[in-house]
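J.: This is the structure I want to talk about, given as structure tokens.
Here, each number is a calculation from the coordinates, and none is a lab measurement. Computed from a predicted model, the values in this text were never measured in an experiment. For neighbour counting, all protein chains shown are included, and Cβ atoms are generated from backbone atoms with ideal geometry for every residue, glycine included.
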Amino acid sequence: MDLALLRTFVTVHRAGSFTRAAALLGLSQPAVTSQIRTLERQLGRPLFLRQARGVTPTTIGDELAHKAAPHLDALVEIAETGIDDESSLRTLHLAGPPEFTAERALPALTELTGEDGQGFALRASFGNAEETLEGLAAGHHDLAISTARPRGALLTATPLCDEEHVLVAAPLRAEQIGVEKPDRKGAPALDNVPVVEVHESLPFVSRYWASVFDSRPAAPGTVIVPDLRAVLACVVAGAGLAVLPRYLCRAALERGEIVALHEPAVPPLRTYFLVVRTGTLAMPHIARAHEWLLRSAADWC
């Protein structure tokens, strides 16, 4: 059986689509379709059910993928590692949300970039969860940090860490509100307070209100800036209240530049996932970065 056909088959099985598999393999969609048909003729059994959007593996297809994928991944590892340890420096392409990637992931990974023999070059890009996962699936990134767990077999996600969300404002603004009011009156005590957010839909404030107050925020966004670090700067300047990850605002809280308006018994949390294309952990530079980030994350939360 031709290994190239098996490689194409496993890629389609993981991608769930001939089109997406073709992009990952650097082939045309007709070439991928032709290879799958050739393999099906050789086996005398259908491997996929064609649907309006993508393909679904048959039971035979699932069985073949289960048997073949680990061996193909092992061959990739051999090819990527090579015989000579003096091979050229590999490049790791990382993607994730700008604030978390800049504040957490990049400082951790730069410790590996200069290591003799095991280091790698590093390239980073920023985006929301949807953009990041689409880019990873298309082969634009090697490793992604996402707040959404991907579905399907193409991508494999591992929980990285949880971030705690804190409702904050500048001290003067908190004094105007009355720091005890949110505890006594809940969300209504904050209805007329300006809101600083990253998007018009108020994703952080809405999530906090739903989790803690079991309601929706009444005030619209007064300042909208698409970066949590800018949100923090606006809150420090007195623009209004915001909901921020504790890791991002911890130093400002300790310096007294902002204060927590509310301390719920169970604070809202958001989980970050470390995501790779299934099978690519066979590549040493991706596996090392993946392992290092998981180890580093133990000290982040």
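J.: Grab the DSSP H runs of the chain that are 4 residues or longer, score each as -39,500 (n - 2.57), total them, divide by all residues and round the 222 nm result to the nearest 500 deg cm²/dmol.
T.: -12500 deg cm²/dmol
J.: When a/c reaches 1.5 or more, the comparison of a/b and b/c decides; with that in mind, is the range 163-270 rounded, prolate or oblate per its Cα gyration tensor?
T.: Rounded shape, in that the Cα axes give a/c under 1.5.
J.: With r defined as the distance between the Cβ atoms of Ala138 and Gln51 and R0 fixed at 22 Å, what FRET efficiency is calculated, to the nearest 0.05?
T.: E(calc), rounded to 0.05, equals 0.60.
J.: Same structure, new question: Which value does Rg/Rh take for the range 216-288 over its C-alpha atoms, Rh per Kirkwood?
T.: 1.14
J.: Now for a separate question. Mind putting together the pair-distance distribution for the chain? All Cα pairs, 20 Å bins, whole percent per bin, short to long.
T.: Answer for the chain: a P(r) of 29, 44, 24, 3 percent.
J.: If you don't mind, there's one more thing I want to ask. For the chain, give the share of DSSP beta bridges that are antiparallel, in percent and rounded to the nearest 5; count only bridges with both residues there.
T.: Of those bridges, close to 65 percent are antiparallel.
J.: Could you tell me the center-to-center distance, by alpha carbons, between the range 228-301 and the range 1-57 in angstrom?
T.: Each part's Cα centre sits 39 Å from the other's.
J.: Glu111 to Thr59: extension gain in nm, 0.36 nm per residue of separation minus the Cα-Cα distance?
T.: Gain on stretching Glu111 to Thr59: 14.2 nm.
J.: In vacuo Debye scattering of the range 3-81, one point per C-alpha: log10 I(q)/I(0) at q = 0.18 Å⁻¹?
T.: Debye intensities relative to I(0), on a log10 scale: -0.69.
J.: Under 15 Å from a label point 7 Å along Cα→Cβ of Ala121: give me every residue in the range 133-147 with its amide N that close.
T.: Within reach of a label on Ala121: 142.
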